[in-house]
Amino acid sequence: MTKLIIDGKEIEVPAEYTLIQACEAAGAEIPRFCYHERLSIAGNCRMCLVEVKGSPKPIASCAWGVRDCRPGPNGEPPEINTRTPMVKKAREGVMEFLLINHPLDCPICDQGGECDLQDQAMGYGVDTSRFAENKRAVEDKYIGALVKTSMNRCIQCTRCVRFTTEVCGVPEMGATGRGEDMEITTYLESALTSELQGNLVDICPVGALTSKPYAFAARPWELGKTQSIDVMDGVGSAIRVDTRGREVMRILPRINEAVNEEWISDKTRHIVDGLRTQRLDRPYIRENGKLRAASWPEAFAAINAKAGRLDGKRIGAIAGDLASVEDMYALKELLAKFGSHNLAVEGGAAFDPALGRASYIFNPTIAGIDQADAFLIIGSNPRKEAAVLNARIRKRWRTGQMKVGVIGEKAELTYGYEYLGAGTDTLSDLVAGKQSFADVLKNAKHPIVLVGAAATSRHDGAAVLAQAAKLAAGIGAIKDGWNGFGVLQTAASRVGALDIGFVPGGKGLTAEQMGTFGTIDVLFSLGADDSKIADGTFVVYIGTHGDKGAHRADVILPGAAYTEKSGIYVNTEGRVQMANRAGFPPGDAREDWAIVRALSDALGKTLPFDSLSALRQQLFKAYPHLMRLDQIEAGGGIDALAAKGGKVETAPFKSPVSDYYLTNPIARASAVMAECSRLASGKIMTAAE
C-alpha cells in the first residue's frame, strides 16, 4: 500500500492504482470522458486533470500511476489536489476545447438527460465560448441495425474503439485521419458483427452513438424503472426495464460483478419490440381445424372435456425456455393431482437431478472464470449460447494466464484456442490422456471443463456428460475449494426446472416420448415452442406469442411475459434470482401460475394456493434453497455422474443454436432481431445494399 495526501486527506491505496482511482477512493469526484474502469487507458480527453504538488502543470490522473508519484523533499507522502484554481482553470479550458465543434443538439439528442458531456459541461465548464469559427462537420456512419450514429457529436474519446477491440474481441472500429480530419469509423462502413454492440450506446459519453430502435421514443425522466433479470439465455444478466405506462420502452444493464459486470447481449437489450407484437391476449379454441377466440370458461370447459376423466399416464407437460420456477411448480402440482409423472423441460433430457445439483450447473461460477488457467469447451459455442459469459472468458484469456481448448464445431470465438477435435472420439482420447491438452489441464491449478448444448442436446447427451465429468475428475478439476466441472445451460428455465424435479419421475415419459404418436392424449405446453408433438395429441398451450407452439395448440391460454410477472429464475451457475414485474399482460392474458390455478378448479383438482405468496410458501418449504436470492447452493453429484458411464455415438457435436437472434418466441416476434439475423447471415451487408 502507498500513502498519499489527497485534498489534505491522507489515505493508503494499492501501488498499482492510478491517480483517478486513488482520488475516488479518497472521495474526490474526477470528471472523465475517455477513462472507463473496464477498458484500457487512452488518456486522450484530458478532462481528469489534477494538480500534483511540485509539478509545473496539471497531469491526467487516469494515465498517472500512484507508484509514479514522487515523495516530498523530506520523504512526506505525495500531495494531490483536485479543487485548486489551477485544476479548475485547466478543466474549463479542456471543456471549452471539447465544445468547439460540438453541435447544439441537446433538445433533439437521444442522450439528453443521460449525457456525460451535458452533466460535466454544467459542473466544470464555463458559460461562454471564445470560438466563432465554423464547426467541423462529419458524415454519419452506418454500423448496423442497433447503433445509430451522429458523428458531429463525437469527441473522439475512443471508448467505442477500445470496447469493440478489447471486450467484444471484434476489432471493427477505429480512427482514420489525423488532427482535424480524424474520424471514428468501421473502415468499410459495414455492420458490426458483435453480439454485445448495444453496449456502445451505454459507454459513449456523448450522443454520437445512440440506440437506433429506441431513437426518439421517450425521454429518461418519463420512464418508470424496474430492476429485473434477463431470461434470453442461461446467464441471468441483471437488467433494468424502463416502461412508460403499460409499455416496455427499453432494457438497460445493471451492474452485477458476479454475473454480467455491466454488459448485456444485444438480444437481451433489443427484444423490446417483440414484447408488443404477435401477442396472445385472449384464449382460443381450435374448431374444425381453425382457431377461434373464446372466453376463459369456454377454454377451461374444452380442456375439461378432454382431460377431466383421463388416467394420469395419458397426460403430460413440457416447459419451455422462458418459464419461471413458480409456473413450473404450479403445473407440476396439477399433474401430481392426476397422478402423472410425465414432466419434462425442453433441452433437459440429458440431466438427472437425482445425481446432485453439481451435475447440471456451472460449478466454477461465472466470476470463477477470472481464476481459471486452463479452459476446455466441449460441444459449445459460448459466443452464441451466452455472449456475456463469452466476454468473461475473453477477459481472462487476454491476461495470457489461461489456455483454451475446444472440442466441437470450429467457431469464430473472440479469443484464440487450440482446436482439439469435432466429437466424442477426441473427448475419449482426452480422458485416456492421449491428447497434449490433457497435460495442460492436469498442470493447471484451476482448470474448467465446460459442457455445452451441442453435447447435452444429443440422444447420448447423458453419456457425453458422464464422460466429461470423468475427465474433470481425472485431471483434478474437482478438489477442495474448486469445482471445475460446469454445464452451460442455454435456457433461463432449465436449472430451476431441474431443481424442483420437473423431470420424468418413475416411469414418466421424456419430452421426446411425449411428442411421439399415441403415447399421451393431453399435453400441457408451458411455452414449449420448440418441441415436436405428434398429431392426435390434444395440446393446451400456455404462452405469450403466436409462435410455433400456438400454431400446434388445440386450446391457447394467454400468459404473461417475463417483464409482466414476478418470477424466480435460476441461472446456469445455480444462482437464484428474482425477475420483477415492470408492466401488465395485454388483454385477457394472465400470469401462468394463476392460469394453472384457475384451470385446476375447472378440472376438479383444486390446488392449495390462491396467491403468489402462498405458492411461494409451499415452494420454499419443498425447496428451501430457492428462497435464498442471489446465492448459489452448492451440491455434489460429479462422482456419481462420472461413474454413470453410457455409450456415446461418434457423430461430431453440432450446436442446436442455429440462429443466435431467433432462439425464443419473443425474439422471433421482434423486427429488430429479424434484421440482425439477416445481417448476421450475410443477406444484408451495407447501408447501400
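What to note about this one:
- Of all the residues in the range 582-610, those that are of a type in the set (Gly, Ala, Ser), farther than 15 Å from Ser324 by Cα and under 30 Å from the mean Cα position of the chain (by Cα) number 4.
- Applying a threshold of 8 Å to beta carbon distances and a minimum spacing of six or more residues, or different chains, the list of pairs starting in the range 533-551 at a residue that is in contact (Cβ under 8 Å) with a residue 40 or more places away in the chain and ending at one that is assigned to a helix (DSSP H, G or I) and among the basic types (Lys, Arg) reads Phe538/Lys306; His545/Arg668; Asp547/Arg668.
- The range 352-372 - residue that is touching a residue at least 12 places away in the same chain (Cβ under 8 Å), part of a helix (DSSP H, G or I) and among the small types (Gly, Ala, Ser) and, of those, most open to solvent (accessible area, probe 1.4 Å): Ala367
Residue-by-condition table, conditions (1) in contact with a helix residue (DSSP H, G or I) (Cβ under 7 Å, 6 or more places away or on another chain); (2) more than 27 Å from Pro31 (Cα to Cα):
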| position | (1), (2) |
| --- | --- |
| Ser194 | yes, yes |
| Cys204 | yes, no |
| Leu223 | no, no |
| Val231 | yes, yes |
| Ile239 | yes, no |
| Arg246 | no, yes |
| Arg250 | yes, yes |
| Arg254 | no, no |
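- Among the residues of the range 385-414, the ones that are free of Cβ contacts under 8 Å to residues at least 40 places away in the same chain, in a helix (DSSP H, G or I) and either surrounded by fewer than 22 Cβ atoms within 10 Å (Cβ to Cβ) or over 20 Å from the mean Cα position of the chain (by Cα) (or both) come to 2 in all.
- One residue stands out in the range 131-155 among those that are surrounded by fewer than 19 Cβ atoms within 10 Å (Cβ to Cβ) and among the polar types (S, T, N, Q): the one that is farthest from the chain's Cα centre (by Cα), namely Asn134.
- Residue list for the range 15-25, filter: open to solvent by less than 60 Å² (accessible area, probe 1.4 Å) and at pLDDT 90 or above: Thr18, Leu19, Ile20, Ala22, Cys23
- The range 113-130, residues that are within 30 Å of the chain's Cα centre (by Cα) and among the acidic types (Asp, Glu): Glu114, Asp116, Asp119
- Within this structure, Ser55 passes the test of being closer than 17 Å to Leu19 by Cα and either in a helix (DSSP H, G or I) or over 35 Å from the mean Cα position of the chain (by Cα) (or both).
- Count of the range 611-632 residues which are part of a loop (DSSP other than H, G, I, E, B) and within 28 Å of the chain's Cα centre (by Cα): 5
- Flag if Asp68 is open to solvent by 30 Å² or more (accessible area, probe 1.4 Å) and not small (Gly, Ala, Ser): yes
- Flag if Lys88 is farther than 23 Å from Phe163 by Cα and free of Cβ contacts under 8 Å to residues at least 40 places away in the same chain: yes
- Pro31 satisfies every condition listed in (1) open to solvent by 10 Å² or more (accessible area, probe 1.4 Å); (2) not in a strand (DSSP E or B) except (1).
- Residue within the range 512-535 that is assigned to a helix (DSSP H, G or I) and in contact with a helix residue (DSSP H, G or I) (Cβ under 9 Å, 6 or more places away or on another chain) present: no
- For the range 177-231, the candidate set comprises residues that are more than 19 Å from Pro103 (Cβ to Cβ) and among the β-branched types (Val, Ile, Thr); within that set, the residue that is most open to solvent (accessible area, probe 1.4 Å) is Thr193.
- Unmet requirement for Phe375, which otherwise passes all of (1) hydrophobic (A, V, I, L, M, F, W, C); (2) out of contact with any Asp or Glu (no Cβ under 8 Å at 6 or more places or on another chain); (3) assigned to a helix (DSSP H, G or I): (3)
- For the range 536-562, residues that are in a helix (DSSP H, G or I), touching a strand residue (DSSP E or B) at 6+ places or on another chain (Cβ under 7 Å) and not charged (D, E, K, R) total 3.
- Within the range 495-526, considering residues that are at positive phi and at pLDDT below 85, the one surrounded by the fewest Cβ atoms within 10 Å (Cβ to Cβ): Gly506
Yes or no, residue by residue, for (1) buried (at least 16 other Cβ atoms within 10 Å of the Cβ); (2) basic (Lys, Arg):
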position: Thr572; (1), (2): yes, no
position: Ala594; (1), (2): yes, no
position: Pro608; (1), (2): no, no
position: Lys644; (1), (2): yes, yes
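- The residues listed here are Ser40, Ser61, Ser55; of these, the one that is surrounded by fewer than 21 Cβ atoms within 10 Å (Cβ to Cβ), farther than 19 Å from Asp119 by Cα and at pLDDT 90 or above is Ser40.
- Residue among Asp659, Asp601 that is part of a loop (DSSP other than H, G, I, E, B), under 29 Å from Asp529 (Cα atoms), touching a helix residue (DSSP H, G or I) at 6+ places or on another chain (Cβ under 9 Å) and open to solvent by 30 Å² or more (accessible area, probe 1.4 Å): Asp659
- Residue satisfying all of: in the range 101-130; charged (D, E, K, R) and more than 16 Å from Ile30 (Cβ to Cβ); most open to solvent (accessible area, probe 1.4 Å) among these: Arg130
The values are calculated or read from the model by the stated rules, or taken from the named source; none is laboratory data. Because the structure is predicted, anything quoted here is derived from the model rather than measured. Here Cβ is always computed from backbone atoms with ideal geometry, including for glycine, and neighbour counts include all displayed protein chains. Note: accessible area is taken over every heavy atom of the protein model, side chains too, but ligands, DNA and RNA are not part of it. Shrake-Rupley method; radii C 1.70, N 1.55, O 1.52, S 1.80 Å.
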